[in-house]
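I have placed the structure first, in the form of structure tokens, so that the comments after it can refer back to it.
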Amino acid sequence: MKNQDFHPLVTPLLKGDRFALSRAITLVESTRADHREESLQILEQCLPHSGNSQRIGITGVPGVGKSSFIEAFGLYLVEQGHRLAVLAIDPSSSRSKGSILGDKTRMTELAHHPSAYIRPSPSAGSLGGVASKTRESILLCEAAGFDIIFVETVGVGQSETLVHSMVDFFLLLMLAGAGDELQGMKRGIMEMADAVLITKADGKNKTAAKQAQAQFKSALHLFAASESGWQTPVLTCSALEKTGLHEAWTMTQDFFQKTQAGGFFEKRRQEQAEQWFEESVLTLLQEDFLAEPKIQKEIKKLKPQVLQGKLTPFHAAHQLSQLYFKLKRK
């Protein structure tokens, strides 16, 4: 494809232009039909330039210090010469569906660094606070030259499972001195973690952090070995004192070296592509389904019957699907 056939945003985006990247992500996140066509063109043209980053998911319950850790760790990485993009998925207002938190205001130093890019996105009602277009945003950030991508979850619900499916390395942040009930962490999330990091290991909390480290190490021995053969390490760190960051990065690079050598890295990337494909099919079908005026009209008619118990949700959904197929056959 010749340069003149490129979407106007593609050339500057490939040169690392932040405005072009932000505008492209906005188009990808838009639900407008014309924007969808533009975003598909941009994604197709950026695809050959993507895939060259390390995708790292970061999760932990509110209060564990995700933003503080990401800023401290991010600054450490950009000072090592890396270019970092942070896709921080914010909780959304239930009314406006817009961001009610802004990671740029919580990571001020990192946000102003020329080698870092932070994109706070509203979850827009998607499951667990994970924006539905995060996969596309990762691709665009890679095309713009960012070699490390952080995807931060809100740390609640099923968002961890979704983020795990789109990253290469999944980092679980935990607090020392907090019980399982307070941390709200399920066994399944522990099993997904490629590493556990005990945060706020500073001041009087250092001893508690070391104790928690030993406890988590012991607990992880009870889990089955991962498919990659990687043994999940447990480290401590302090964003306040900037300690443990070098060790965390060394551990992360050890993971990438071992999984790439064993073929597991490529296998996980293929699984990411497969899930992205399946999700895209379902998303496009849903958007097409809801775009039908007659479907919208029928939903308004059936919903009161469901709410009043006159019609089961399944029966109502079946009627809608039959109407949709009938419309498509015309």
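Every read-out reported here was derived from the displayed coordinates using simple, explicitly stated rules and does not represent laboratory data. All of these numbers come straight from a predicted model, not from anything done at the bench. We place every Cβ from the backbone using ideal geometry, glycine too, and count neighbours over all the protein chains shown.
Peptides 319-328, 68-77, 33-42, ordered by how many other C-beta atoms sit within 10 Å of their residues on average, highest first, read 68-77, 33-42, 319-328. Temperature 37 °C, viscosity 0.692 mPa s: under these conditions the Stokes-Einstein estimate for the stretch 136-291, based on its Kirkwood radius over C-alpha pairs, is 188 µm² per second. Give me the aspartates and glutamates in straight-line cross-link reach of K267: C-alpha distance below 15 Å, same-chain residues under 8 apart excluded. List returned: D168, E227.
Between D5 and T26, the C-beta separation translates, for a Förster distance of 22 Å, into a calculated FRET efficiency of about 0.50.
The charge dipole of the chain, taken about its Cα centre with unit charges on the Cβ atoms of Lys, Arg (+1), Asp and Glu (-1) only, comes to about 1180 debye. About its Cα centre, the stretch 207-274 has a charge dipole of approximately 140 debye under the convention of +1 per Lys or Arg Cβ and -1 per Asp or Glu Cβ, with nothing else charged. Once both labels are positioned 7 Å from their Cα atoms along Cα-to-Cβ, the gap between A273 and R18 label points is 3.2 nm.
When only the Cβ of Lys, Arg, Asp and Glu is charged (+1, +1, -1, -1), the dipole of the stretch 266-321 relative to its Cα centre reaches about 460 debye. Rounding to the nearest 10 and keeping the result within 0 to 90°, find how far the Cα-based axis of helix 206-220 lies from the longest principal axis of the chain. Rounded to the nearest ten degrees, it is 60. The distance separating the Cα centre of the stretch 211-268 from that of the stretch 1-45 comes to 36 Å. Gyration tensor analysis over the Cα atoms of the chain returns equivalent ellipsoid semi-axes of 37, 26, 19 Å (largest first, whole Å). What the Cβ-Cβ distance of K204 and R329 gives, at R0 = 56 Å and to the nearest 0.05, is a FRET efficiency of 0.20. Note on Q322 and R36: the extension gain reaches 100.3 nm, defined as 0.36 nm multiplied by sequence separation minus the Cα-Cα distance.
Using the alpha-carbon atoms, what tilt in degrees (0 to 90, nearest 10) does helix 18-29 show relative to the longest principal axis of the chain? That helix lies at roughly 50 degrees to the long axis. In this simple spin-label approximation, K297 and S228 carry label points 7 Å from Cα along the Cα→Cβ vector, and these lie 5.3 nm apart.
Once the chain from H221 to V78 is taken as fully extended at 0.36 nm per residue, the excess over their C-alpha distance is 48.1 nm. A simple count of charges around E241, restricted to other residues whose Cβ falls under 11 Å of its Cβ and scoring Lys, Arg +1 and Asp, Glu -1, yields +2.
Per-residue packing, averaged as other Cβ atoms within 10 Å, sorts the ranges 57-67, 222-232, 137-147 into the order 137-147, 57-67, 222-232, beginning with the highest.
Close amide H pairs (under 5 Å, H built 1.01 Å from N) link F170 with G57, D194, A195, residues at least 5 positions away or on another chain. Note on the chain: dipole from Cβ charges, positive end direction compared against L284, L140, P8; the farthest Cα belongs to L284. Pairs to check: K133/K310; K200/K258; K66/K206; K66/K210; K133/K301; K217/K242. Give those whose C-alpha atoms are more than 27 Å from each other in this structure. Cα-Cα > 27 Å for K133/K310; K200/K258; K133/K301; rest within.
What do you get for the angle between helix 245-261 and the principal long axis of the chain? Use alpha-carbon atoms, 0 to 90 degrees, nearest ten. That works out to roughly 60 degrees.
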